[in-house]
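The values are calculated or read from the model by the stated rules, or taken from the named source; none is laboratory data. For clarity, every value in this text was computed on a predicted model and none was experimentally measured. Every residue, glycine among them, receives a Cβ derived from its backbone with ideal geometry; neighbour counts consider all protein chains shown. Note: areas computed on protein heavy atoms with side chains; ligands, DNA, RNA excluded. Shrake-Rupley method; radii C 1.70, N 1.55, O 1.52, S 1.80 Å.
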Amino acid sequence: MKNQQTNAVPVQGKNVSSNDVLMSYPSDFELWQAFKNGSNAAFLSIYKKYFNSLFSYGIRIKDNEDLVKDAIQDVFFDLKKNCNGLGNTDCIKFYLFKCLKRKIYKEFKAWESQREDLAIQDSFSITFSHEQTIINKQIDLEKTRLINDAIGKLSPRKREAIYYVFYEGMSYQQVAELMELCDSKSARDLIYKALKCLRDFAGFIPVFFLINIPF
């Protein structure tokens, strides 16, 4: 397994420190365009902004820190190498999530068999956090435990869908693309089935989920 640094990225033959000043861009589209046009500062901004999110996401797909870090580094090396031929995006995190998911599967070879393995393993572990508990002030410690127990009983696919929508703020269309569903309606149906299961397991649905359901 390769040994990669997480606080520096090779750029044109040298390492750019994570302490370097980052440029600010008003939108993902403009940041991405700057990167595609050869801006090393934009490239580093993307790396710094999304590394932690990518790691948190990747470790849910495969609980192997070294593999996930290597996969993230490979994603950024590929982006840098192929920047001139990349398409446009107005949601960089979603774009990177798609790249990382493909890269992790590729690391394990046998695409179809690994997808099957991932579908049945205890993947996408998520918990109802303290911050989310504060949003719904009526939830006590016992109810928080019930929610987390209920989340643990969901299938990995349902947990994955909940993670994308409620923890990463993605749209139904983005969930459909990441999970290879037919369309956004399929993603919406999956979310509603997951919430119904949560209600059946825990006896209620937390306000945090209710107020953040996309239309």
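State the number of residues belonging to the stretch 165-191 that are touching a residue at least 60 places away in the same chain (Cβ under 8 Å) and not acidic (D, E).
Narrowing the stretch 165-191 to residues touching a residue at least 60 places away in the same chain (Cβ under 8 Å): 168, 170, 174, 177-178.
Filter again for not acidic (D, E), leaving 170, 174, 178.
The number of residues fulfilling the criteria is 3.
What tally of residues in the stretch 81-94 results from selecting those that are in a helix (DSSP H, G or I), open to solvent by 10 Å² or more (accessible area, probe 1.4 Å) and either without any contact (Cβ under 8 Å) to a residue 12 or more places away in the chain or under 13 Å from Q33 (Cα atoms) (or both)?
Result for the stretch 81-94: 4.
Kindly list, by first and then second residue, each pair from a residue in the stretch 139-163 that is over 22 Å from L178 (Cβ atoms) to a residue that is part of a helix (DSSP H, G or I) and open to solvent by 10 Å² or more (accessible area, probe 1.4 Å), limited to pairs with Cβ atoms under 6 Å and residues at least 6 apart or on different chains.
I139/T133; T144/T133; L146/A202; I147/A202; A150/F201; A150/A202; K153/F201
Consider only pairs whose beta carbons are under 7 Å apart and that are at least six residues apart or on different chains; among these, list those whose first residue lies in the stretch 63-80 and is under 15 Å from F43 (Cβ atoms) and whose second residue is open to solvent by less than 10 Å² (accessible area, probe 1.4 Å).
These pairs meet every condition: I72/L54; I72/G58; I72/L100; V75/L96; V75/L100; F76/V9; F76/Y47; K80/F43.
Of all the residues that make up the stretch 56-77, how many are within 16 Å of E168 (Cβ to Cβ) and either out of contact with any Phe, Trp or Tyr (no Cβ under 8 Å at 6 or more places or on another chain) or open to solvent by 10 Å² or more (accessible area, probe 1.4 Å) (or both)?
Summing the residues that are within 16 Å of E168 (Cβ to Cβ) and either out of contact with any Phe, Trp or Tyr (no Cβ under 8 Å at 6 or more places or on another chain) or open to solvent by 10 Å² or more (accessible area, probe 1.4 Å) (or both) in the stretch 56-77 gives 4.
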